[in-house]
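Notes for the one structure printed next.
Where a number appears in this text, it was derived from the coordinates with a stated rule and is not lab data. If you're wondering where the values come from, they're calculated on a predicted model, not measured in any experiment. Here the Cβ is made from the backbone with ideal geometry for all residues, glycine too, and neighbour counts use every protein chain on show.
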Amino acid sequence: MWLRNNALAASAALAAVLLASAIALIAFYVPVDADQGLSQKIFYFHVPIALTAYACFGWGAWKALRHLWKRQEGADLESYVAIHLGVIFGAMTLLTGSIWARASWGVWWAWSSKQLVLFLVLFLFYCAYFMLRFSVEPGPRRANLSAVYALFGVVLIPISFLAIRLAEDFIHPTVFTSNGPQMSGSMFFTFCVSWAAMLATFGALYRLELAGKRIDARMRELRELLA
C-alpha cells in the first residue's frame, strides 16, 4: 500500500541508490581494461544508456499501440513521455559514444560505420516525432498521428541493434556472443548494476514527467472552467 501511494518517491530512491552503487563499482571495483585503459570505463555508462534508449522507444511504441488498439485512457501521453525520455537517453548515447571513441581510437565520429549512422537515423526519426506532434492541434487526430508515427519508428530499433551486433569494426567490439558475455565476472556484475540504474532512472523520470503533465492538464481544465 505504501509503495502504491508513494511510487514516485520509491522509484526515485531506487534510482539514486543504484546510480550511486554503479558509480562506486565503476570507480573502485571493476578492473581497468588492459587494452583501452581507464577510458574503457565509459562502456559502463554508454551501453546501458543506449539499451535504455531502446527500452524508452519500445515502451513508447507499446503505449502507442495501446492507444490505437484499446483506446486506453492516458496511453497517448504515456507514449509521448517515453519517447521524450528516449530522445534524451539517445542524445546521451551519442555524447558518451563520441567521448569514448575519441579517447580510445582518436575519432569523434566515423561516417563509414553503419551502426553509428543507423543509431543517428533512429535518434533523428524520434526527434521528428515532436515536429509532427506539435504541428497538429491537441485532440484525437494528434494522438492518432503520433501513435502511428511511434509504431513505425519501432521498426528501426532491431535494425539499429542488429547493425551493432553484426558490425566488425573498431568502434563497436562485440562483447555479448552466443557463448555469453566476453568479460570477467566483476565487469559483467558492474555492467548489470549500471544498466539497472539507467532503467530505474528512466522509471523515476517517467513517473515524474507524467505526474507533472497530468497536473498541468488538470490546471488547464480548471482555468477553462473558471474563465
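Please work out how much length the chain gains when fully extended from LEU95 to SER39, using 0.36 nm per residue of separation minus the C-alpha to C-alpha distance, in nm with one decimal.
Numbers: separation 56, 0.36 × 56 = 20.16 nm, distance 1.42 nm.
Full extension from LEU95 to SER39 adds 18.7 nm.
Normalised by residue count, the stretch 5-81 yields a Cα convex hull volume of 104 Å³ per residue.
With the convex hull built on the Cα atoms of the stretch 1-149, state its orientation-averaged projected area in nm².
Values: hull surface 46.8 nm².
That works out to 11.7 nm².
Working from label points 7 Å from Cα in the Cα-to-Cβ sense, the ALA16 to PHE28 distance is 1.9 nm.
Inter-label distance, ILE215 to ALA9: 1.4 nm, where each label sits 7 Å from its Cα along the C-beta direction.
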